[in-house]
1. Give me Ile32, Ile329 sorted ascending by neighbouring Cβ count inside 10 Å, so fewest comes first.
2. Which whole-angstrom value gives the distance between the alpha carbon centres of region 234-266 and region 19-81?
3. What's the local net charge at Leu8, with K and R +1, D and E -1, over the other residues with C-beta under 12 Å away?
4. Label Met281 and Tyr374 with points 7 Å out from Cα along Cα→Cβ: what is the distance between them in nm?
5. Rounded to two decimals, what ratio of Rg to Rh does region 216-360 give with C-alpha atoms and a Kirkwood Rh?
6. For Ala116 and Lys4, calculate 0.36 nm times their separation in residues minus their Cα-Cα distance, and state this gained length in nm to one decimal.
7. Computed FRET efficiency, Cβ-Cβ of Arg144 and Gln191, R0 45 Å: what is it to the nearest 0.05?
8. Residue by residue, what Karplus-based ³J(HN,Hα) values in Hz, rounded to whole numbers, does region 6-12 have, using 6.51, -1.76 and 1.60 with θ = phi - 60° and x for Gly and Pro?
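Computed from the coordinates by the stated procedures, all read-outs in this text should not be read as laboratory data. Please read these numbers as outputs of a predicted model, since none were measured by experiment. Cβ placement follows ideal geometry from the backbone for every residue including glycine, while neighbour counts extend to all protein chains displayed.
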Amino acid sequence: MPFKTLQLSDAVLRGVHAAGYKDPTPIQLRAIPVVLGGGDLIGSAQTGTGKTAAFALPILSRLAAHAHGRGARVLVLEPTRELAAQVETAFRDFARFTDLRAVAVFGGVGYGNQRAELRRGVDIIVATPGRLMDYLKDGTVSLRDISVLVLDEVDRMLDLGFLPVVKDIIGRCPKQRQTLFFSATVPPEIQAVAAFALRQPTRVEVGANRSVSQSVNHAVFPVGFGQKFELLLALLAKENFDSVLVFSRTKHGADKIARRLKAANHSVAVLHANRSQNQRMEALAGFKSGKYEIMVATDIAARGIDVAGVTHVINYDVPENPEDYVHRIGRTGRAQAVGDAFTLVTPEDAGDVRDIERFIGQKIPEMRLEGFDYQAMAPRPPQPPRPQGQRPGTIQPRGGFRRFRSRR
């Protein structure tokens, strides 16, 4: 079913096609008619399934044109500055053939340019809760004209402790409005906020919240702690590659990994909470353009990176939260493309791996890199028998994992 069957405006359809979108994803097919109809909605889907377009396209179609002399009519709340910047960019891309105006509002940068944009008049504000509250308190922003409120990645807002501020912001919006919740998961705490904020919402759920996308091939690579970085280099050297995300548990660890990769002549960007906003934006832009072949990031960035064409994710550290495993490896295999995800597992990580396997409801294949000089280490707990004919302990050729493609 093409986008033109979804009753989007002609100008928005032109923006969709100019952005390179062809056919709507399942979440878009089910959510767009609800949003166009003006109903409240709770949408949940796996990472990388097109949730942003699921609400941006119908919202832009309903707004139609810039409303001179009125305040912002749409407020989108995001948990991180990276997501706010990316969602605002998506609105601008889809609205390129309209005169609608969008602005991103987030911390980590100065107030001057954001205030100037807001006072010039905008239709859509994409904001993080903290910076938005600053503007509400000093009178720069009023929410009296808000007709559509979107809470995106609500589960992440819960993780970051934003829900009290979010409730305050919801209370400042008009009662007569359309409210949309989008979240990868909907735990009980979010259900309570939904009951407070939404009116008879339609529930749209695509895919299992705990499942790994079928477009991602994932495996664990057992290794001794002292050989982790050596194995990382060996994986990168085994085949040529295109773009790789490497995840670390800590900011210090991410910096250390990046330094060692640079010393090994890789082009590397770093993304974590201690980086300035300008550093984050430069890192993301460089990774998207191919200036950097590897991005080393912490979990705070796992849901804030939306880069097409990431072919590989490598978990240098096993995530402590099983849900973060799904979000990390969801950075590859997006939009029906195929991606690979490798996790380096030391004997100390065995319990965390079992937690992840219980969470996703499946065993993660265990592999060894052929030709790598493994040192003695404690064995991982017994695994189920491998399918007959599969060679244990090696990376299988495509059919199994993709061959890395190099820009170099």
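1. With the sparsest Cβ surroundings first, the list reads Ile32, Ile329.
2. 35 Å
3. +2
4. With each label placed 7 Å out from Cα toward Cβ, I get 4.6 nm.
5. 0.93
6. Working it through step by step, the gained length comes to 36.7 nm.
7. That gives a FRET efficiency of 0.95.
8. Listing the rounded values in order: 8, 6, 6, 5, 4, 5, 5 Hz.
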